[in-house]
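Single-structure report; data block below.
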Amino acid sequence: MKTLGTSLALSGLLLTSGIALAQSGEITGRVTDVFADRFVMEAQGQRLLVTPADGVTMPAADSTVAVTGTREGLELRAEAITAPGTAPAPVATDGDLPEDLRGLSLADIHDRRNDDDERRISARLSDGTELRIEYRRDGTLDEVETDHAGAIPAELLKRILPPDLIAAREYAEMARVIEVEFDDGEVQIDGLASDGAQIELTAGSDGRIFSYEREIDRDDRRAMTEDAARDRLTAMGYTAAEGGEENDGLRIFTATNPYGERVAVRLDEQGRVTREETVR
């Protein structure tokens, strides 16, 4: 098996000419090169770089395979790999899913386990967005994610997140949640606000928010004046604000939030809290 960066450069293996293939579906071709976790497949005059999903077995070089997955340009994410003419892995039904995932109108459901007995489920939402869910060996939820342009269904979020977190003002700023990850009694959520800002927050299993970060990818931000920022904090219920230095369009303070916690807090150019973190 080859390793990336050794005898062949991947960029030299991929040809840019040929017939455009469908974004999703099955593609049959010959495996020309196999690397540690990816392989190159020649199909219809093109060479595609294929990345198998967790639990999908890597094919042998010079073999002919049928790959089911999603293509972006010359890269293909393989959800299943079979020999041509063989039956694909059975598609799961709603009744086969964990209870949290039932009744969400999921389609094209694939349910598999990897070598560590961790469960990997992929499916499509009614708008065509791909949803990916991972469970640990003990059956606890590990991660839920969707495409950057999609959103995790609100009903699923209601089932898996603490109610106090869903009710929090920081969470309410997310117009779309695109990833949820559970780790050591904490939950990290990544999402997007209606103005395109990226929001990341971390909370405990009880819904208490530990950190909150809001970022707009712009270079023209100008921080509020310090006096205006202090007035804004007071209006939002913060007290005993200290600091106020400017950094990359933000005003940064140490203050006591409305819940009586001493926190480090950042305000953007519009006076919105972009990050709040408990001072320990």
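Taking 0.36 nm per residue of separation and subtracting the current Cα-Cα distance, fully stretching the chain between Ile166 and Met236 would add 23.3 nm.
For the residues Ala66, Ala235, Ala123, a GNM of the chain with alpha-carbon springs under 10 Å puts the largest fluctuation on Ala235.
Taking all C-alpha pairs of region 226-278, those more than 17 Å from each other amount to 19 percent.
Sum up the charges of everything whose Cβ sits under 10 Å from the Cβ of Asp111, counting Lys and Arg as +1 and Asp and Glu as -1, but leave Asp111 out. Result for the neighbourhood of Asp111: +3. Asp54 sits among other residues whose Cβ lies under 15 Å from its own Cβ, and their net charge, with Lys and Arg +1 and Asp and Glu -1, is -3. For Thr82, the shell of other residues with beta-carbons less than 15 Å away shows a net charge of 0, using +1 for Lys and Arg and -1 for Asp and Glu.
Extending 7 Å from Cα along the Cβ direction at Glu26 and again at Ser205 yields two label points whose distance is 4.4 nm.
Amide H contacts under 5 Å for Gly55: Asp115, restricted to partners 5 or more places along the chain or on a different chain, H placed in the peptide plane at 1.01 Å from N.
Between Asn114 and Ala175, how high is the FRET efficiency from 1/(1 + (r/R0)^6) when r is the Cβ-Cβ distance and R₀ = 22 Å? Nearest 0.05. Calculated value: 0.10. A cut-off of 5 Å between modelled amide H atoms, ignoring neighbours fewer than 5 places along the same chain, links Phe210 with Thr202, Ala203, Gly204. Projecting the Cα positions of Tyr171, Thr32, Leu97 onto the charge dipole of the chain (unit charges on Cβ atoms of Lys, Arg, Asp and Glu, taken about the Cα centre) puts Thr32 furthest along the positive direction.
Along region 110-124 the Karplus relation, 6.51 cos²θ - 1.76 cosθ + 1.60 evaluated at θ = phi - 60°, assigns HN-Hα couplings of 10, 10, 9, 10, 8, 5, 8, 6, 8, 8, 10, 10, 10, 7, 10 Hz to successive residues, with x for each Gly and Pro.
A simple rule links phi to the HN-Hα coupling: the Karplus curve 6.51 cos²θ - 1.76 cosθ + 1.60 with θ = phi - 60°, which for region 63-74 gives 8, 9, 9, 10, 10, 9, x, 10, 10, 10, x, 9 Hz, with x for Gly and Pro. Per-residue Karplus couplings for region 42-53, computed as 6.51 cos²θ - 1.76 cosθ + 1.60 with θ equal to phi - 60°, are listed in order as 9, 8, 6, x, 10, 10, 10, 8, 10, 10, x, 5 Hz, Gly and Pro entered as x. Estimated from helical segments only, the mean residue ellipticity of the chain at 222 nm is -2500 deg cm²/dmol, where each DSSP H run of four or more residues counts as -39500 (n - 2.57). Based on C-alpha pairs under 8 angstrom that are at least 6 apart in sequence, region 94-135 has a relative contact order of 29 percent. For the chain, averaging the sequence separation of C-alpha pairs within contact (under 8 Å, six or more residues apart) and dividing by the residue count gives a relative contact order of 8 percent. Place a point 7 Å from Cα of Glu143 in the direction of its Cβ. Which residues in region 164-191 have their backbone N less than 14 Å from it? Hits in region 164-191 for Glu143 at 14 Å: 178-184, 188-190.
Residues whose amide H lies under 5 Å from that of Glu179, counting only those 5 or more places away or on a different chain, are Asp190; hydrogens are built 1.01 Å from N in the peptide plane.
Candidate values (i) 1.25; (ii) 1.18; (iii) 0.96 were compared with Cα Rg over 2.2 N^0.38 Å computed on the shown model; the agreeing label is (i). In percent, rounded to a whole number, the relative contact order of region 94-210 is 16, using alpha-carbon pairs under 8 Å and six or more apart.
Coordinate-derived values only; no laboratory data. Just so it is clear, the model here is predicted, and its values are computed rather than measured. Reconstructed Cβ throughout: ideal geometry from the backbone, glycine too, with neighbour counts over all protein chains shown.
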